[in-house]
Structure formats: C-alpha cells, structure tokens
1. Counting Lys and Arg as +1 and Asp and Glu as -1, what is the net charge of the other residues whose Cβ lies under 15 Å from the Cβ of Tyr40?
2. Any aspartates and glutamates with Cα under 19 Å of the Lys61 Cα? List them, leaving off those in the same chain fewer than 8 positions away.
3. Once amide H atoms are built 1.01 Å from N in the peptide plane, which residues 5 or more positions from Gly82, or in another chain, come under 5 Å H to H?
4. Compute the FRET efficiency between Leu5 and Arg95 as 1/(1 + (r/R0)^6), taking r as their Cβ-Cβ distance and R0 = 41 Å, and round to the nearest 0.05.
5. Ala68 versus Arg49, label points 7 Å from Cα toward the beta carbon: distance in nm?
6. In a shell of Cβ-Cβ distance under 12 Å around Tyr92, excluding Tyr92 itself, what net charge do Lys and Arg (+1) and Asp and Glu (-1) give?
Amino acid sequence: QSNPLGGYDVAATVYTFTNKPATVTHTHTASGKTTRTEVYTYSYDHADRLLKVEHTLGGTKITLADYAYDNLGRLQSKSLHGSATNKLTYAYNVRGWLTG
C-alpha cells in the first residue's frame, strides 16, 4: 500500500498453529529515506491465552503489555510497558462477574 511519503507500507503476519498472530512485521519505505521495520511479537500460554506483546523498532525491543490469568482462566492482571505503576488488576465475585 502506498503512503503519503512516496513509498510503501507492507505488513506480513506469521501465525501460530492455532491461527493466532505470532509476529506482525510492518515495513515502511519512503522516497530517499531509510527503510524502517517494526515488529510486534505475541506470546501465548499453554491455553492459547495472550501473555505478552512486544514491539521492536530499530533493534530496540520494548514490552507493550504483560497479561496474567487466574486458575479459572480469567484475566487477573494487565501490566502496560512493564511498569508496576501501569498495572491493572481484575477481581471477580463467586458468579464470575467482574467486580474491580
């Protein structure tokens, strides 16, 4: 797909055996500019639940989100950018309703 900078943007996705994205690679080109490639990497647990999302640009990898689940498979916490201050925790009542 062409972009406003006179180049092209190309996306390629590699899927897991269970048809979930494992990596998504975006390559951005522009006339007279250096080609940039960014990669999103997705990690899953044994139950195929999302555990981690990472982003790589220019050789630098950062964690965008970490996910944790309870014994019943419900989302227990979500940590953004690997920071404890950006951590969301989830609580459920006996009926499984989200309470906080």
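1. 0
2. Within reach: Glu38.
3. Asp66
4. For Leu5 and Arg95, the calculated efficiency is 0.20.
5. So the two model labels end up 1.2 nm from each other.
6. Counting the neighbours of Tyr92, the net charge comes to +1.
Here, each number is a calculation from the coordinates, and none is a lab measurement. Given the structure is predicted, the values throughout are model-derived calculations rather than measurements. Neighbour counts are summed over all protein chains in view; Cβ atoms, including those assigned to glycine, are modelled from backbone coordinates with ideal geometry.
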